[in-house]
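*Asks:* After the structure tokens below, expect a handful of questions from me.
The values are calculated or read from the model by the stated rules, or taken from the named source; none is laboratory data. Just so you know, these numbers come straight off a predicted model, no measurement behind them. With ideal geometry, Cβ positions are generated from the backbone for all residues, glycine too; neighbour counts draw on all protein chains shown. Protein only, heavy atoms only, side chains kept; ligands, DNA and RNA dropped before computing areas. Shrake-Rupley method; radii C 1.70, N 1.55, O 1.52, S 1.80 Å.
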Amino acid sequence: MSTRTAVVTGASGGIGAATTRKLAEAGYRVLLTARRADRVEALAADLTAAGLEAAAHPLDVTDRAAVDAFAASLDRCDVLVNNAGGALGLDPVATGDPADWRAMYEVNVLGVLHVTQALLPALTASGDGTVVVLSSTAGHGTYEGGGGYVAAKHGAHALAETLRLELCGEPVRVIEVAPGMVRTDEFALTRFRGDEERAAAVYAGVAEPLTAEDVADTVAWAVTRPSHVNIDLLIVRPRAQASNTKVHRES
């Protein structure tokens, strides 16, 4: 198989699904991974029907044995997009649920570690590999109620920055894309465990939050730069968001 291959985690919806589509349109054979088999299989079928190269691989990035088995099944890997992640709750540190903190660390940090470690030999063997870590502006600043998610995304940022240092001289780029406010169908709903009113309030009055497609376009642009060009860190926010805590809301 000579077609360059990209693996996208968390590809069942939102930024992951949009990134999968963008990379497939850019000519990559895209392997979609996520826990929800029906979602990745439907997207892969849709892309294949459009004449693009895609295949679904149901996978939980927190299951190291499953990740290793997935990696062993691949004939090559040129790009890895570590997108799987998420937030749970908006409780202050004083009353935050340790189980939520643990779950966020498992997927946002250890999930990235598992998949990156498993695929790094193939990425290096490609002679021109790229690792993308989808972190967050939460990995570069704090905000009240975000302690667990902020801690996890700071961990993802530290992982990416450290990996870049350790791979210096190897034929592998490490790119971090840190989105700010992105309105997707599920992120806030998951954070607030299905509470639609609280989820909607996150974006209330914000004329144009980022979309999944905006972030996917940014990821695809960074990945398709010439091999000698490394986009170390790209923070992308909507114009209405100046920081994690300053957002313009129209009345």
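*Asks:* Accessible area per residue of the range 61-176 at 1.4 Å probe, in Å²?
*Replies:* Accessible surface, normalised per residue, equals 40 Å².
*Asks:* With a 1.4 Å probe and every protein chain kept in, tell me what percent of the accessible surface of the range 178-229 is carbon plus sulfur.
*Replies:* 50 percent
*Asks:* Something else: Can you give me the % of accessible surface on the range 50-116 that is carbon or sulfur? Probe 1.4 Å, all protein chains present, nothing else counted.
*Replies:* Answer for the range 50-116 is 59 percent, counting heavy atoms of protein chains only.
*Asks:* Can you give the Kirkwood hydrodynamic radius for the range 182-251, in Å, rounded to one decimal and based on Cα pairs?
*Replies:* Taking every pair of different Cα atoms in the range 182-251, averaging 1/r and inverting gives 13.9 Å.
*Asks:* In addition: Restricting attention to the alpha-carbon atoms of the chain, what are Rg (one decimal) and Dmax (integer), both in Å?
*Replies:* 17.4, 55
*Asks:* Could you give the size of the charge dipole of the chain about its Cα centre, using +1 on the Cβ of each K and R and -1 on the Cβ of each D and E, expressed in debye and rounded to the nearest 20?
*Replies:* 320 debye
*Asks:* Please give the calculated 222 nm ellipticity per residue for the chain, where each DSSP H segment of at least 4 residues contributes -39500 (n - 2.57) and the sum is spread over every residue; nearest 500 deg cm²/dmol?
*Replies:* -12500 deg cm²/dmol
*Asks:* Also, I was wondering about something else. Suppose every K and R has +1 on its Cβ and every D and E has -1 on its Cβ; what is the size of the dipole of the range 42-171 about the Cα centre, in Debye to the nearest 20?
*Replies:* The dipole magnitude comes to about 140 debye.
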